[in-house]
1. Can you find a residue that is within 11 Å of another protein chain (Cβ to nearest Cβ) and farther than 25 Å from A:Tyr40 by Cα anywhere in region B:394-412?
2. When region B:147-164 is examined, which residues are found to be in a strand (DSSP E or B) and either modelled with pLDDT under 95 or at the interface with chain A (Cβ under 10 Å from one of its Cβ atoms) (or both)?
3. Can you pull out every residue in region A:383-413 that is surrounded by fewer than 18 Cβ atoms within 10 Å (Cβ to Cβ) and outside any strand (DSSP E or B)?
4. In this structure, is B:Gly221 closer than 18 Å to B:Val318 by Cα, of a type in the set (Gly, Ala, Ser) and more than 8 Å from chain A (Cβ to nearest Cβ)?
5. Does region B:225-245 hold any residues that are in contact with a helix residue (DSSP H, G or I) (Cβ under 9 Å, 6 or more places away or on another chain) and among the hydrophobic types (A, V, I, L, M, F, W, C), and which are they?
6. Using the structure shown, decide if B:Lys241 is modelled with pLDDT of 95 or more, over 20 Å from B:Leu20 (Cα atoms) and not in a loop (DSSP other than H, G, I, E, B).
7. On the basis of being within 8 Å of chain A (Cβ to nearest Cβ), more than 38 Å from the chain's Cα centre (by Cα) and under 30 Å from A:Lys232 (Cα atoms), does B:Ala173 make the cut?
8. Would you tally the residues in region A:344-365 being in a strand (DSSP E or B), exposed (fewer than 13 other Cβ atoms within 10 Å of the Cβ) and touching a residue at least 60 places away in the same chain (Cβ under 8 Å)?
Protein chains: 2
Amino acid sequence: MRDMLGREEVVTVEKALELLLENLSPVSTPEIKIKIEDSYQRISSKDIFSPEDLPQFARSTVDGFAVNSSDTFGATEGMPAYLTVISEILMGEEPVFDIKKGTVAKIATGGMLPKGADSVVMIEHAQQMDDTMIEVTKPVAPSENIIQAGEDVKNGDLILRKGHRLRAQDVGALAGIGLTEVYVYEKPRVSIISTGDEVVPANERVKPGQVRDINSFNLAGLISAAGGEPVKKGIFRDEYKVIRNIVEESLKDTHMVLISGGSSVGTKDMTAKVINDSGKPGVLFHGVSIKPGKPMIGGIVNNKPVFGLPGHPAAITVCFEQFIEPVLKKISGFSERGFADKKTAVMARITKNIASSSGREDHIRVALEERDGETWAIPILGKSGLITTLVKADGIVVIPLRKLGIEQGEVVEVRLF
Amino acid sequence: MRDMLGREEVVTVEKALELLLENLSPVSTPEIKIKIEDSYQRISSKDIFSPEDLPQFARSTVDGFAVNSSDTFGATEGMPAYLTVISEILMGEEPVFDIKKGTVAKIATGGMLPKGADSVVMIEHAQQMDDTMIEVTKPVAPSENIIQAGEDVKNGDLILRKGHRLRAQDVGALAGIGLTEVYVYEKPRVSIISTGDEVVPANERVKPGQVRDINSFNLAGLISAAGGEPVKKGIFRDEYKVIRNIVEESLKDTHMVLISGGSSVGTKDMTAKVINDSGKPGVLFHGVSIKPGKPMIGGIVNNKPVFGLPGHPAAITVCFEQFIEPVLKKISGFSERGFADKKTAVMARITKNIASSSGREDHIRVALEERDGETWAIPILGKSGLITTLVKADGIVVIPLRKLGIEQGEVVEVRLF
């Protein structure tokens, strides 16, 4: 964005995210049908309704005796109800007899209730008198100690909503109603384009002037954790034509493009030009009031997000959490309420004063330490170009735009990595 | 455990966990060497030291001019320092010239400092006068705007500790120092043995009296999320010999054994007998003061944990979080401080009074809802045998042992699934 005088304008974090999300039409990745064994953490692409009742018959929830509850009304220790045991219900089998007045059948947890029975007397409240007689010392109400047919799920019930991230119990529920396959969205594929004439692959020896590619490994881990599929495109020279070509290719075969590095002034402008030349609307913002991460570029090309990321490792992590992850969630079809997306955080006291400029959101890396039963956050003060500042950190403390800093001893929220 | 009269004693949650952890000798799974691409979320099995410096040379952190800082001392807007640009430093290449008094070289972010230069003047503080001359309007201190050789990592530095779970940035750091393979512990393999004569596989039609296997799908998801590898052994009949055989096999080829279902009185005793007969010390507790989950059995056989789990889905989830996950972490080699292991949680107000017995830890499933800007936790009151009580829930609220309940409006911590 440029202001009225044509100068580049740095936007707020809020504005940057808003620009991205409002310029991105709600198109998700295609849906695919997969086995439920493989569906953990995937996003369902359809509302899922049950094709049947669960359970399909009334079941006991305790070990005891299936009865007609009216036979136990008024039973006490002093005046028990005497009932005749006519059979035992075998697990997994349908009882072939009926419970008539004055009779019961032995039943275990999960057993199917016979006709005529509407409840189960717990074994603790029944005394075996002889081979065929029990005394019941406590009445049961109708439906007591049983799960009714369809009580868990009714045929036609909405089980899981479209856009829901499948958890362990959700997959369990699908198994329970006999759905062994499920429609989910494809994982969004995210291109990682590393740039920089000084960058070499991790498996190469470095010559003077060269450094190994750290950022594509950091980004790949962040993308996977956010539900995407990283696609490493490789390391490319800082030349317009080279970057333009690989961005074009990436826009064709993946759902999002990250261009990392290229943080020098000339290169940044080149990245912005590549994004603008690749399609509409192009660059949405160039520079955000965040530290680290200020030189970040965000854009959309033909409804695919394209980011130009600063080369500093700490900036990569902060930009990912703030901008890339929410956008990735949107294109992944995820549509849940805020807390389903919450990061793990702890409250801690900060060990020293941290200054911050108004008009900038500061993301401070901190290490956590327990001292006298309290959790303390120790700011890791180091250049954002040092990967070890992230390795030593347990999480990040955010100083908001309009806050001028944090005072020693203040309690802050630490968002854990 | 039995009390002095030989009765079965229900232990507290704390005691149960203590019994498990103190009877388990610190043996982790074997270590394996894997590519760093595959190492995200894995546990390192060795302390990792850097084989080299990172970076191996002093680098600029800004775009500007490499100088000897003494040439800029005292420079102001009114009295700038005039310096001669002798060359430009190419990215990824070693400068072949020295910076002598009065001279500078153009440098981009990440460029290698030439000999004789000890700092970089930012481009914003230098004015290009003509082809070869700049004026510098602000002094730089020695080492300003550069990263020194070895400033990120020094040869021999401890980068990551044994027992650490590798995060995105940790893998980035390994790439940075040229380590493309890493030693990690094997994922603990966890056997899931489903029992119950009424239980059939998820892909089968159920006949009256039968239900599908829900728990193995729930458990498999929980195991994977906790860093283990689920090994589904299948569904087995509730017979001593059958269960004994599959437990023996599972103890041989996996690191932990979960026996799910078999919740009837007779079956529970059978599971306990199988555990005791399989090796020492056998059953450590049989019954825990937790709801749901009370009938749980915990044991160790030849230093491998074996659990007998109640058949109710909600009990499975609670027992997993409370007992199985901490034990799984221990055998996975994970040895980090508490917060590295923290669950995501939100604070919420409870919508209704919940009673709880003293002497029992209650785990209440709750759904979350935003009302007038506040988060409310709505208790899901349903039998623990219903899988949908877990599907509808967003998390769990714990009422501790000695607390008699929660009052409507009280703020509680909701541990999210």
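1. Let us first name the residues in region B:394-412 that are within 11 Å of another protein chain (Cβ to nearest Cβ), namely B:394-395.
When the remaining residues are screened for being farther than 25 Å from A:Tyr40 by Cα, the result is none.
No, every residue in region B:394-412 fails to be within 11 Å of another protein chain (Cβ to nearest Cβ) and farther than 25 Å from A:Tyr40 by Cα.
2. Within region B:147-164, the first condition is being in a strand (DSSP E or B), and the residues that meet it are B:147, B:153, B:158-160.
Of everything in region B:147-164, those that are in a strand (DSSP E or B) and either modelled with pLDDT under 95 or at the interface with chain A (Cβ under 10 Å from one of its Cβ atoms) (or both) turn out to be B:Ile147, B:Val153, B:Ile159, B:Leu160.
3. Keep residues of region A:383-413 that are surrounded by fewer than 18 Cβ atoms within 10 Å (Cβ to Cβ), which gives A:383, A:392, A:400-405, A:407-411, A:413.
Once the filter is applied, which keeps residues that are surrounded by fewer than 18 Cβ atoms within 10 Å (Cβ to Cβ) and outside any strand (DSSP E or B), region A:383-413 yields A:Lys383, A:Lys392, A:Pro400, A:Leu401, A:Arg402, A:Lys403, A:Leu404, A:Glu407, A:Gln408, A:Gly409, A:Glu410.
4. Numbers: closer than 18 Å to B:Val318 by Cα: yes; of a type in the set (Gly, Ala, Ser): yes; more than 8 Å from chain A (Cβ to nearest Cβ): no.
When the stated conditions are applied, B:Gly221 does not pass them.
5. Going through region B:225-245, the residues in contact with a helix residue (DSSP H, G or I) (Cβ under 9 Å, 6 or more places away or on another chain) turn out to be B:225-240, B:243-244.
Once the filter is applied, which keeps residues that are in contact with a helix residue (DSSP H, G or I) (Cβ under 9 Å, 6 or more places away or on another chain) and among the hydrophobic types (A, V, I, L, M, F, W, C), region B:225-245 yields B:Ala225, B:Ala226, B:Val231, B:Ile235, B:Phe236, B:Ile243.
6. On the way: modelled with pLDDT of 95 or more: yes; over 20 Å from B:Leu20 (Cα atoms): yes; not in a loop (DSSP other than H, G, I, E, B): yes.
Yes: the conditions hold for B:Lys241.
7. Details: within 8 Å of chain A (Cβ to nearest Cβ): yes; more than 38 Å from the chain's Cα centre (by Cα): no; under 30 Å from A:Lys232 (Cα atoms): yes.
Taking the combined requirement at face value, the residue does not satisfy it.
8. If we filter region A:344-365 for residues that are in a strand (DSSP E or B), which is where we start, we get A:345-350, A:354-355, A:361-365.
Then keep just the ones that are exposed (fewer than 13 other Cβ atoms within 10 Å of the Cβ); that gives A:347, A:355.
Pick out the ones that are also touching a residue at least 60 places away in the same chain (Cβ under 8 Å) and you get A:347.
Residues that pass the stated criteria total 1.
The values are calculated or read from the model by the stated rules, or taken from the named source; none is laboratory data. Being a predicted model, the structure only gives us computed values, none of them experimental. Positions of Cβ are generated from backbone atoms using ideal geometry, with glycine treated the same way; all protein chains shown enter the neighbour counts.
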